[in-house]
Amino acid sequence: MSKPVFRPIAPLDVDDRQLEQVNERLGVPVMVRPASAFLHRDGATASRHAVTPSRRQQKLTVRIPTDVIDALKRQALDQRTTVRQLVLLALQKDGHEILAADLLPGAGGSE
Amino acid sequence: MIITLASSKGGVGKSTLTGCLAGAWAAGGDSVHIVDLDNNRTVSRWFADTARRPDGLTVSTPDPAGLTEHLAEIAATRAPDLVLIDVAGTYERALTVAVARAHLTLIPAAPTEADIFEASRVSRHISSVYEAFGREPLYRLILNRVQPLSSGAQLYATLEIVRLRLPRLKTRILQRAAYEELGLSGQPPHFADRKRPTVAKAIEELNAVTADIEALLRVHDDHHHYLEGAA
């Protein structure tokens, strides 16, 4: 009696381009993700920006040019995000400490 | 070893199961890394508190488009015993890459029409991806959130799994408070108070699941070595 021949089970040894071709052929949809600052690549960074219990949030009203407001609203719409998140991301880029929890939808209360 | 927890719908308990299984292996002394691909960042949020997070457990939240590179980076820098990938609960392209990179894919599903329908869809997708490269996939449905008091509908749903020929793990995960508490406490059952009956039962169940998985992977690994020896 011959022994059955089994195939090795292991992850596919193919590159992402080949998998993308399979996705195309199978018609798998592409998910559009919102611009997000909490897509951290490693555990350490993720911990630093980890979601902690929300910090106290307060309203700040400033007067800025209407054109800038319109541009911000358009950008928010294009990126499927909020004006608040765009402002916080810009502040984060400028060195202010903005936690992942601050960026979560609804973290600022009613906007 | 890489295990992907996949579903094309939300609410099947994927993140909860990911966190609980990670806790079970971490409690056994394994180093476990969770790759959180879910946009909601649920599992990474639960384990955000490093003071409460089990030792040996790390989490990352990469851009799903860079998953392959990220896994290579994790292997090179951390070399964990196990990597668990929690994918977004939608039918989308990152799912293909996550199942292609896994040694085993688990498809959690409650015994409901909606969950089993989607599990069947994911099963077909995994098969299609592997067939494209002339390979056979290794995946199992895992019955999750099973009601302790069985109903006719639940029994029917289980029979549908058989009819659809969806391979499943022997052990079922029951609906228990200990699992749901992970989100609030940040502690998987293995790190919670074992004196509580719900925690003790959850630990017993999770140990049975990890034993099922390890046996499954060992069997396939043995076949692999057998083939290597024959070559």
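Take the residues in the range B:102-121 that are farther than 25 Å from B:S150 by Cβ and either surrounded by 24 or more Cβ atoms within 10 Å (Cβ to Cβ) or among the polar types (S, T, N, Q) (or both); name whichever of them is nearest to the other protein chains (Cβ to nearest Cβ).
Keep residues of the range B:102-121 that are farther than 25 Å from B:S150 by Cβ, which gives B:102-105, B:121.
Narrowing further to those that are either surrounded by 24 or more Cβ atoms within 10 Å (Cβ to Cβ) or among the polar types (S, T, N, Q) (or both): B:102, B:105.
On the way: B:A102: 6, B:T105: 10 Å.
Restricting to residues being farther than 25 Å from B:S150 by Cβ and either surrounded by 24 or more Cβ atoms within 10 Å (Cβ to Cβ) or among the polar types (S, T, N, Q) (or both), the top hit is B:A102.
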What about B:A178, is it in contact with a Ser or Thr (Cβ under 6 Å, 6 or more places away or on another chain) and closer than 18 Å to B:L57 by Cβ?
yes
Taking the range B:125-142 as the region of interest, how many residues are within 17 Å of A:N23 (Cβ to Cβ) and either at the interface with another protein chain (Cβ under 9 Å from one of its Cβ atoms) or over 19 Å from the mean Cα position of the chain (by Cα) (or both)?
9
Across (1) in contact with a Gly (Cβ under 6 Å, 6 or more places away or on another chain); (2) modelled with pLDDT of 90 or more, B:R121 clears everything bar (1)
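Listed here are the residues, each with its yes/no results for (1) of a type outside the set (S, T, Y); (2) touching a Leu at 6+ places or on another chain (Cβ under 8 Å); (3) within 23 Å of B:R163 (Cα to Cα).
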{"residue": "B:E73", "(1), (2), (3)": "yes, no, no"}
{"residue": "B:A79", "(1), (2), (3)": "yes, no, no"}
{"residue": "B:G89", "(1), (2), (3)": "yes, no, no"}
{"residue": "B:P108", "(1), (2), (3)": "yes, yes, yes"}
{"residue": "B:V122", "(1), (2), (3)": "yes, yes, yes"}
{"residue": "B:I126", "(1), (2), (3)": "yes, no, yes"}
{"residue": "B:Y130", "(1), (2), (3)": "no, yes, yes"}
{"residue": "B:G134", "(1), (2), (3)": "yes, no, no"}
{"residue": "B:L141", "(1), (2), (3)": "yes, yes, yes"}
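With respect to B:R78, is the statement that it is out of contact with any strand residue (DSSP E or B) (no Cβ under 7 Å at 6 or more places or on another chain), modelled with pLDDT under 90 and farther than 23 Å from B:S127 by Cβ true?
Details: out of contact with any strand residue (DSSP E or B) (no Cβ under 7 Å at 6 or more places or on another chain): no; modelled with pLDDT under 90: yes; farther than 23 Å from B:S127 by Cβ: yes.
Considered against the rule, which asks whether it is out of contact with any strand residue (DSSP E or B) (no Cβ under 7 Å at 6 or more places or on another chain), modelled with pLDDT under 90 and farther than 23 Å from B:S127 by Cβ, B:R78 comes out as no.
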Name the single residue that is nearest to the other protein chains (Cβ to nearest Cβ) among those in the range B:143-177 being under 17 Å from the mean Cα position of the chain (by Cα) and polar (S, T, N, Q).
B:T171
For the subset of the range B:54-101 comprising residues that are of a type in the set (D, E) and within 7 Å of chain A (Cβ to nearest Cβ), which member is farthest from B:P137 (Cα to Cα)?
B:D63
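Might you check whether a residue that is among the hydroxyl-bearing types (S, T, Y) and either at pLDDT below 90 or more than 19 Å from B:A26 (Cα to Cα) (or both) occurs anywhere in the range B:158-169? Walk me through it before giving the result.
Step one: filter the range B:158-169 for residues among the hydroxyl-bearing types (S, T, Y), giving B:158.
Adding the requirement that they be either at pLDDT below 90 or more than 19 Å from B:A26 (Cα to Cα) (or both) leaves B:158.
Yes, the range B:158-169 contains at least one residue that is among the hydroxyl-bearing types (S, T, Y) and either at pLDDT below 90 or more than 19 Å from B:A26 (Cα to Cα) (or both).
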Odd one out for B:S44, checked against (1) surrounded by fewer than 24 Cβ atoms within 10 Å (Cβ to Cβ); (2) of a type in the set (S, T, Y); (3) at the interface with another protein chain (Cβ under 7 Å from one of its Cβ atoms):
(1)
Residues being farther than 15 Å from B:L21 by Cβ and surrounded by fewer than 20 Cβ atoms within 10 Å (Cβ to Cβ): count how many of those fall in the range B:52-87.
14
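Take B:D49 and tell me if it is touching a residue at least 24 places away in the same chain (Cβ under 8 Å), surrounded by fewer than 19 Cβ atoms within 10 Å (Cβ to Cβ), within 30 Å of B:E204 (Cβ to Cβ) and more than 11 Å from chain A (Cβ to nearest Cβ). I'd like the intermediate steps shown before the answer.
On the way: touching a residue at least 24 places away in the same chain (Cβ under 8 Å): yes; surrounded by fewer than 19 Cβ atoms within 10 Å (Cβ to Cβ): yes; within 30 Å of B:E204 (Cβ to Cβ): yes; more than 11 Å from chain A (Cβ to nearest Cβ): no.
Here the answer is no, as B:D49 does not meet what is asked.
Only one of these is out of contact with any strand residue (DSSP E or B) (no Cβ under 9 Å at 6 or more places or on another chain) and either outside any strand (DSSP E or B) or closer than 13 Å to B:G186 by Cα (or both): B:D49, B:D30, B:D38. Name it. Lay out the reasoning, then the answer.
Working: B:D30 fails: out of contact with any strand residue (DSSP E or B) (no Cβ under 9 Å at 6 or more places or on another chain); B:D38 fails: out of contact with any strand residue (DSSP E or B) (no Cβ under 9 Å at 6 or more places or on another chain).
Criteria check complete, one pass: B:D49.
In the range B:161-186, what residues are among the basic types (K, R) and surrounded by 13 or more Cβ atoms within 10 Å (Cβ to Cβ)? Steps first, please.
Step one: list which residues in the range B:161-186 are among the basic types (K, R), which gives B:163, B:165, B:168, B:170, B:172, B:176.
B:R168, B:K170, B:R172, B:R176 - these are the residues of the range B:161-186 that are among the basic types (K, R) and surrounded by 13 or more Cβ atoms within 10 Å (Cβ to Cβ).
The values are calculated or read from the model by the stated rules, or taken from the named source; none is laboratory data. Just so you know, these numbers come straight off a predicted model, no measurement behind them. Glycine also receives a Cβ, built like all others from the backbone with ideal geometry; neighbour counts cover every protein chain displayed.
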